[in-house]
Amino acid sequence: MTNADDPEKPKKGDEEPVILTLGGHEIRVTHPSKPYFAKEAKVSKLEIVQYYVSVAEGALLGIRDRPIVLKRFVNGAAAPPFYQKRAPEKRPPFVRTTTLSFPSGRTAEEIVVDDAAGLAWIVNLGCLELHPHPVRSADLHHPDELRIDLDPGPGVPWSDVLAVSMEVKALLEELGMVGYPKTSGSRGMHVNVRIEPRWPFSEVRRAALAIAREIERRAPTIATAKWWKEERRGVFLDYNQNAKDRTTCSAYSVRPLPDARVSTPLTWAEVPGVAAEDFTIFTVPKRFATLGNPHAGMDLVKYSLEPALALAARDEASGLADAPWPPHYKKMDGEAPRVSPSRAKTPNDGADAPKLPSPTGRRVSTMPLLVIAQSEDKEAALAGLERWKTKHPDVAKLLAVADVLVDSMRGRSSTWTRVRVNLRNVPEDLRPAQGTPDPDVELVWDKPKKPRAPRAKKSAAAPSPVEPSPGEPGEGESS
């Protein structure tokens, strides 16, 4: 047995565990007084478990009979988590598993939670958030949930998020569907729809893309379906959350914000005036006890995807290509070039110019982008941005909110953050050179490597060769 199997196993002299009896099963809560929130809210590990027990009926509606990725905050909400797909070898006999296959070709035996005891057990492992797949254990290839993830860009007001949510409601009703809204627990909103499990992941994603594009047409000033961050404005509808192997937090998940905020189910009547900060682990149990779960009837009706797929067919007939997939997926038939617009052209891309490679063989940026910081620790990357702003105050004051690009990228077990700035609003003679990012931890899909050797200085006054991006993420992690 490894520490990953039971990292909280008490050692001699450790605090005695608290034993909870749930459904006839005993659950040991180890290190019960360990602080999980300590900055603004003060919350212990035991209190996190007790919160989930108090809303178990609602939380289980979103995860029961679904394989679940364990996103483990073993050192509390302020420390970086890690993702664990494979079920711990040591687990209670009442916790079952199922085997999933992934786009990479790998497989993993993942946990399936069926009851409050199983829920408490994974929370004791450090799972603040719940990340279920949109499939049931009996059919792992056909989702029964369409996920519409509304992710606001930097500086986008909450009122725009709510306005786009109402546009989603109206469109779903036109398509003969009922969506169930909830706060993401961070800056966005989620709208989930129960669907008939008849279509593969690719078709569910295709439907989600069509919905995102239609919302963009209806609300072009506040909504976008553009994958590349440099093209976005307003609220991004992240269609790729419906690609196979993608997960996002489910209802009643605790988010790692300083106030211990919760992703909370709502009625549509509540949406226009809702405030996300009203829902925390201190307020949601009372709301649940008083009002129950607004999504309690979600499983009663499953809707057809045919109307949404007809919308997709209309887009395709008009010449719209498939939009980019996440970076670690294979290139799909009909997919648009998987390269950001700022890197789509090279200096010899003119109509009459011969197609010559660049000296390095890499794409050449057409926008003056600087990499400021990259780290497996988001706070460290953001601190690097502040140091850069202090060093370049005259440049920093010229940056628009949308010129600061914070990319959260998820690998197989960890997340990393890269911070870039777009100097498009900065006169060329004021643009600083690309220096060594601070911090500068190389981003790879499996694990962060040690810092790289310093980069050579180069001017940002004109486009210059840059490394291919690991990809533009959706905001399943941070919205």
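Just so you know, all these numbers are worked out from the coordinates, no wet-lab data involved. Quick caveat, the model's predicted, so the values are computed rather than measured. Note that each Cβ is placed from the backbone with ideal geometry, even for glycine, and that neighbours are counted across all protein chains shown.
Counting Cα-Cα pairs of segment 58-197 in 10 Å increments starting at 0 gives whole-percent bin shares of 11, 33, 35, 19, 3. Report the net charge of residues surrounding Ala59, where surrounding means a beta-carbon distance below 13 angstrom and charges are Lys +1, Arg +1, Asp -1, Glu -1. So the environment of Ala59 carries a net charge of -1.
Over 32 Å apart at the Cα level, from the set Lys169/Lys286; Lys330/Lys378; Lys229/Lys330; Lys42/Lys391; Lys42/Lys229, are Lys42/Lys391; Lys42/Lys229.
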